[in-house]
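The values are calculated or read from the model by the stated rules, or taken from the named source; none is laboratory data. As the structure is a prediction and not an experimental result, all values here were calculated from the model. Only protein heavy atoms, including side chains, enter the accessible area calculation; ligands, DNA and RNA are left aside. Shrake-Rupley method; radii C 1.70, N 1.55, O 1.52, S 1.80 Å.
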Amino acid sequence: TDTVVEVRAAGESSVDAAQSTVAKVLCAKGSLVAALDPTAPVELLVNDVATSDQQYGSFKFAHESRAIVSPMVEIFTSVEVDISAGLQLDLPINSETESGQPITESECLSLLDRMAPYSSNNITDTAGAERAGNCTKGTASSCSCMFTLYHFTTYAVVDVDTVVAVSNAKVANENPAAPTPAPTASPTTVSGPPTASSASSLNASVLLVAAGTTTSVLLALSRLF
């Protein structure tokens, strides 16, 4: 038969299940079968991830952007299994209003459009986690991301839009645009009658050309004025 495994935080009572659910795994009949012995029981194990691994491992890019919006879980089995049919993993996302109330369904769907599940085969590897599909609305909480997994590893939901925005801002700060130079004023040419200073220089030139000839000097001066 189909099996639903609901994982809650340690020590939480069933009364607080809606607030304490860490993950929900939906196993369709025949989707979780031991590879060596199909009749052998399979134990599904779900662990949380150490804060240091979230900060400095393959999810560092999302942690630095404050874009990890779900519990980060490591999921694996007690024996090797055939998982070709896939399992449904449902992770609740942080989606309360400022007053602590659950958001509406339409608000949830809008949030899920900007989010995606990410996985990492080695949580301590700084190479970066990889996108593992898309979110559909689940039932693990009032707003949760459900997706299909085909291998057991570490998973978390990431706000992709926030990661992109933070990355773009970082690039802009590291490569500021060069300041635009101030426009240079063009020289202005004014036409009109000669000024007193220019007339004086012309008089001096005329006197040199005249070379002492009184009549020529007077004629030249009368033409200037």
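What to note about this one:
- Rolling a 1.4 Å probe over the heavy atoms of the protein chains gives the stretch 30-142 an accessible area of 56 Å² per residue.
- Full extension of the chain between residue 84 and residue 48 gives 10.5 nm of extra length, using 0.36 nm per residue less the Cα-Cα distance.
- Spatially proximal lysines relative to residue 29 (Cα-Cα < 23 Å; intrachain offsets below 8 disregarded): 137
- Portion, in percent, of the accessible area of the stretch 56-104 that falls on carbon or sulfur, probe 1.4 Å: 45 percent
- Shape call, the stretch 51-98: gyration tensor on alpha carbons, a/c limit 1.5: oblate
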